[in-house]
Amino acid sequence: MSDVEWHSVALAPIVLVHGTEGLIADRAVQRLRALAKEADPSVEVHDLSGESLGAGALAQVASPSLFGEPRLVVVPELQSAPDALVLELLDYVKAPEQDVTLVLVHRGGNRGKKLLDALKKAGVPRVDASPVKRAADKQAFVAAEFARARRRIQPEAAVALVDAFGTDLAELAAISRQLIEDSTPEPGQQAEQVTVSDVRALTSGRVESTAFAVADAAIAGKEQEALQLLQQAQLAGADPVPIVAAIASKVRSLAKVSAPGATPRSLGMPDWMLRNLSREARNWNDRSLARAIEAVARADHEVKGAGRDPRWSVQRMVMELCRARRAR
C-alpha cells in the first residue's frame, strides 16, 4: 500500500481514505468524484451508506454492466459497515471490476482490521487522513486549497494564514475560501497572487496575527513598535495566554535554526523560512537566546496564574526580548 496526498490522489480500482481528520477525508472523496466526472460525465455515482447497505449491496452496484459504463462507488463509513459488506469487500479486493472506482473511507478505530490488512497486502493506494499538526503541513494544506481554486498564494502569506487560523483545520479551510472569494478579480481580469498584505487585512482582528506581529518586532529589537502593537492587542481585549504562546513559538523557531546542522527537513519548515530565520538568528547568540527563552518561560508561568498582573507580565517579556536582542 502506498500513501498518497489527498490533493494528488488519482482514480484507481480501489482507493482507501484512512484517518480521523474528516476534512481531509472529504477533500479526497471530492477530488475523486471530480476526477471521475471529468474522465466521463456519464459516470454513475453510488453511495453505500444507510439504507443502501443491504445484503449484496456492493454486487448490485459494482457487478459487470451490459454497456460497461463507468461507476464510482463510495463507502463513506467503512469502520461502521455491517459484517456482510466487509465480507463482500474482502472477496472484491481479490478481483476488482473494470470500469469501477471503489472509494473506501475508514475514519479510524480497530474495526475492520482484517479488511485493512487485505487492502494493504493488495497495494491499494491510501490517502492518510490523520490530523494535521505540523505548521508546514498546514501551510501545504492552504497551498492545496488555493491550487484547487486555480489560484496562487505567496509562501509567506500561507504562513501568516496558518499563524492566525491554524488551530482548527476546518476554520483554516473556510478562511482560505473567503480569501479566495474576496480576491477574485472581475471577469476578464487576471487573478493576482495573494500576498501577506491580503492576509493581514483579513486577519487584522485575530489575536494570533497581532501576537506574531509583536513577536517579529520584539525579535528585531524594535521595542517601541512591539509595545505599540502589544497595546493595540490588549486594548482590543486580547487574552495574554495566546499572545505569550505565539511569541514563544517564534522564539522556539529562532532557537531551532540556531542549532548546528539545522536543515529544512530536520526542522519541518520550508527553505525560505529557514533562510529568513537564519538571517535574523545572526543577530542573536547563545546568551541572548537563553535570556529570551527565560523571559518567555517566566511570562508563560505568570499569565497562567502565578502572576498578579498578566498584562504587565506580557509587557515585561516584550521589553526583555528587545533588550536581549540589543545586548548580544
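Structure summary
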| item | result |
| --- | --- |
| First in the range 77-92 and under 15 Å from Val124 (Cα atoms), second anywhere and in a helix (DSSP H, G or I) and among the charged types (D, E, K, R), Cβ under 8 Å, 6 or more apart | Leu90/Lys114 |
| Total residues in the range 23-44, condition under 18 Å from Val127 (Cβ atoms) and either among the hydroxyl-bearing types (Ser, Thr, Tyr) or surrounded by fewer than 15 Cβ atoms within 10 Å (Cβ to Cβ) (or both) | 2 |
| Residues located in the range 121-140, provided they are part of a loop (DSSP other than H, G, I, E, B) and closer than 20 Å to Glu88 by Cα | Ala122, Gly123, Val124, Pro125 |
| Unmet requirement for Ser278, which otherwise passes all of (1) crowded, with 20+ Cβ neighbours inside 10 Å; (2) farther than 25 Å from Arg316 by Cβ | (1) |
| Hits in the range 259-309 - residues which are of a type in the set (D, E, K, R) and either without any contact (Cβ under 8 Å) to a residue 40 or more places away in the chain or not assigned by TED's automatic domain parsing to the domain that holds Ala217 (or both) | Arg265, Asp271, Arg275, Arg279, Arg282, Asp286, Arg291, Glu294, Arg298, Glu302, Arg308, Asp309 |
| Pick from the range 308-328, criterion among the aliphatic types (A, V, I, L, M), at pLDDT 85 or above and more than 32 Å from the chain's Cα centre (by Cα), ranking: nearest to Asp239 (Cα to Cα) | Met319 |
| Wholly within the range 237-328, helices (runs of 4 or more DSSP H) carrying at least 3 residues that are over 25 Å from Ala135 (Cα atoms), among the charged types (D, E, K, R) and touching a helix residue (DSSP H, G or I) at 6+ places or on another chain (Cβ under 7 Å) | 310-326 |
| Residue within the range 32-43 that is at pLDDT 90 or above and part of a strand (DSSP E or B) present | no |
| Qualifying residue in the range 32-53 (condition: under 20 Å from Phe141 (Cα atoms), in the same structural domain as Gln79 (by TED's automatic domain parsing), under 20 Å from the mean Cα position of the chain (by Cα) and basic (Lys, Arg)) | no |
| Scan of the range 10-22 for residues that are assigned to a loop (DSSP other than H, G, I, E, B), under 17 Å from the mean Cα position of the chain (by Cα) and either surrounded by 17 or more Cβ atoms within 10 Å (Cβ to Cβ) or of a type in the set (Asp, Glu) (or both), ordered by number | Gly19, Glu21 |
| Positions within the range 146-205 being surrounded by 14 or more Cβ atoms within 10 Å (Cβ to Cβ) and of a type in the set (Ser, Thr, Tyr), in sequence order | Ser176, Ser183, Thr195, Thr203 |
| Matching residues in the range 52-78 - criterion: being surrounded by 15 or more Cβ atoms within 10 Å (Cβ to Cβ) and among the polar types (S, T, N, Q) | Ser65 |
| Count of residues meeting criterion [surrounded by 17 or more Cβ atoms within 10 Å (Cβ to Cβ) and part of a loop (DSSP other than H, G, I, E, B)] in the range 98-108 | 1 |
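Every residue, every condition in (1) in a loop (DSSP other than H, G, I, E, B); (2) of a type in the set (S, T, N, Q); (3) closer than 15 Å to Arg27 by Cβ; (4) in the same structural domain as Asp40 (by TED's automatic domain parsing), yes or no:
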site: Asn110; (1), (2), (3), (4): yes, yes, no, yes
site: Leu115; (1), (2), (3), (4): no, no, no, yes
site: Leu119; (1), (2), (3), (4): no, no, no, yes
site: Val142; (1), (2), (3), (4): no, no, yes, no
site: Arg150; (1), (2), (3), (4): yes, no, no, no
site: Ala158; (1), (2), (3), (4): no, no, no, no
site: Ala173; (1), (2), (3), (4): no, no, yes, no
site: Ser176; (1), (2), (3), (4): no, yes, yes, no
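The values are calculated or read from the model by the stated rules, or taken from the named source; none is laboratory data. Treat the numbers as computed from the prediction; the structure is a model and nothing was measured. Cβ: placed from backbone, ideal geometry, glycine included. Neighbour counts: every protein chain shown.
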